[in-house]
Amino acid sequence: MNTPSAVAPTRGTWLAGDLTPWAWAVMSFAAFLISGAVSLLGTGPGLWAVVWTVLAGLGVLGTARLSFGAWPEVGLRAAAVLIGGVALAGAVDGSLRDWATGRFSYFDPELIGVTGLFFAVVVGVAAAGFGALIAPTRRAAWPATLATIFGVVATIFVLIANLGGLADGLDPESYLLAAVMAVAAVYVVIVAVLALRISLTVDTPES
C-alpha cells in the first residue's frame, strides 16, 4: 500500500486551518507555468513536453522543500508516475505533430483544436500526481489530488471533442495517435485514483 512521504510535518500541518499545503500548491503551479515557458524557449517544440514534465516534477520537489522545511521522500511509485508522464507527454506531443504534418503537410495548433493541449494535461497530471505521492501528509496531498481530478475532466473533454472524427472511422495514419492518446488517458485516470487513495486515507495525528 502506498503511503505519503516520511518527511515529518510541522505541527501546524495537522490543523484544519493550516494553509501550508495550499501555499505549496500555488508555488508548484507557478513552477509548472514557468517550467513550461522555459522548456519551450530552451528546447523548442520537439522536446518541449519531455523537458516540461521533468522541470515541473523538480519544481514540485523544490517547492515541497520550501513549504515543509525538509526534502520529501520520493518512493518508487512516485518516481514511476513522473517517468511515465515524461514518456507519455512526449509521445502524445510527438505523435500529434507527426499526424498533423502528415495530414495537413504542416503543424498548426488551430487545425487540431483542443487536442493540441492534451499533452499539457498529461504534464500537469504527472506533476500533480507526483506531488500527491510525495506529500508529507495526506492533507497536504489534497490540492495535488484535486489537480489530477481536474486532469481527468479535461481528458474527458478532449476525448469528447474527438468523437466526431471517430464516428467516421480511423484512417490507418491515425492508429498510432489514437493508441497513444488512449494509453495517456488511462494513465491520467490511474494517477488520479492513486492520488485520491492517498488523500482519503486518514492521518494519525502527532502525539
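What follows is calculated from the coordinates using simple rules that are stated; it is not laboratory data. Because the structure is a prediction, the values reported are computed rather than measured. As a convention, Cβ positions derive from the backbone with ideal geometry for all residues, glycine included, and neighbour counts pool all protein chains shown.
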* Structure fact -> Expected sort for 138-149, 180-191, 64-75 on mean C-beta neighbours within 10 Å, highest first, is 138-149, 180-191, 64-75
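Could you calculate the contour length gain from Glu173 to Leu47, that is, 0.36 nm times the residue separation minus the distance between their Cα atoms, to one decimal place in nm?
Working: separation 126, 0.36 × 126 = 45.36 nm, distance 2.23 nm.
Length gained, Glu173 through Leu47: 43.1 nm.
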